[in-house]
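One structure is given below, encoded as structure tokens.
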Amino acid sequence: SDQSSNTSDESIELSPLDVNTSIKGNRDDCYTKQNLMMNKSNMTIKKKKRKNLCSAMTRGLSAVRDCAPLRLALANSVCFGTLVVSVDSILYMQLENELAVSRTLSGLATALATAATFPVFWTSADIVQRYGYWRVIALAQCVLPVRLLLHACVTKSNVWYVLLPTQLLHGPMFAAWISAAVELVDRLAPVDLRASTQSLLTMAYFTLGGCLGHLLWSTTFELYGGRTTYILASFASMISVLVFAFFARHHLRHEEPVSANLKRKLKHEISGDIEHPISPAEAPKGAAVDYFPSSVHTTKDRSSFTIKRNGVITA
């Protein structure tokens, strides 16, 4: 009996996958077999809920509903995406239909616009840390009306020396805006919803803004031509900048750049004015920050200063 009870106890501790194997190895022990079958029937396997696109979008929309700055950033993405279509798509319709330029010139214009984004993307972290997210977004939008007015001045006689330099504005306009917008949405979103909010940003700019922009500016181009389309889009972009500046006036006025905020907090930490040091999440990207009771140590980061172990800030 002791042997059977020990066998029963050992069999009960087996995993569900080994139940059938245990039964086959103890055919003569009826009690063991009955106990195993009862345990097998009482076992419940918890299945993880499958995450699909609908649930992710629902959670993302809930985050948007609860965060007013995030709603403002996404609404601005729709407006800006609608206006940028006028230079992303209508430009090539004008070059082919009205100006009758060669495909070589169109390809060169596209290459210059793409190349102009590389320096801005490389230095986007420094730009955002120096001026702040909201200010970079506002400044990037201010470039669009100027670019549209320059496109309105393009004719067959000056297409080579007006169009090509104008395409270089694509870098400070698009690359600066998208870099700041992505970082801003990432910081505004909850930790577990960052991927969902990035999807919402992509849908707001490229999908919704792109659809509205193509419908609006394609119709305007068919009715009034390229020059009038650029002038109307320029005035619309000016109004968009003013509306954004009005609703984001609190953020534009009181937002402190990341580098200045980090430097101020580190100075307070060294002098002992505050009890809670900054978190690693507040440090600029590329900075490895370690916190000790009496000193702060970082590697050379993108904020143009380094904190040494002795507490000396080197500019």
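Please treat every number below as a calculation from the coordinates, not as lab data. The model shown is predicted, which means the values in this text are computed figures rather than measured ones. Methodologically, a virtual Cβ is constructed for each residue, glycine included, from the backbone with ideal geometry; neighbour enumeration extends over all protein chains shown.
Quick notes
- Every residue from segment 148-182 that is crowded, with 16+ Cβ neighbours inside 10 Å, of a type in the set (Phe, Trp, Tyr) and free of Cβ contacts under 8 Å to residues at least 40 places away in the same chain: none
- Test result for Val185, closer than 22 Å to Val243 by Cα, within 18 Å of the chain's Cα centre (by Cα) and either in contact (Cβ under 8 Å) with a residue 24 or more places away in the chain or surrounded by fewer than 19 Cβ atoms within 10 Å (Cβ to Cβ) (or both): yes
- The condition of being under 26 Å from Gly226 (Cα atoms), out of contact with any Ser or Thr (no Cβ under 7 Å at 6 or more places or on another chain) and not in a helix (DSSP H, G or I) does not hold for Leu91.
- Scanning segment 194-211 for residues that are within 13 Å of the chain's Cα centre (by Cα) and surrounded by 17 or more Cβ atoms within 10 Å (Cβ to Cβ) yields Ser196, Thr197, Leu200, Leu201, Met203, Ala204, Tyr205.
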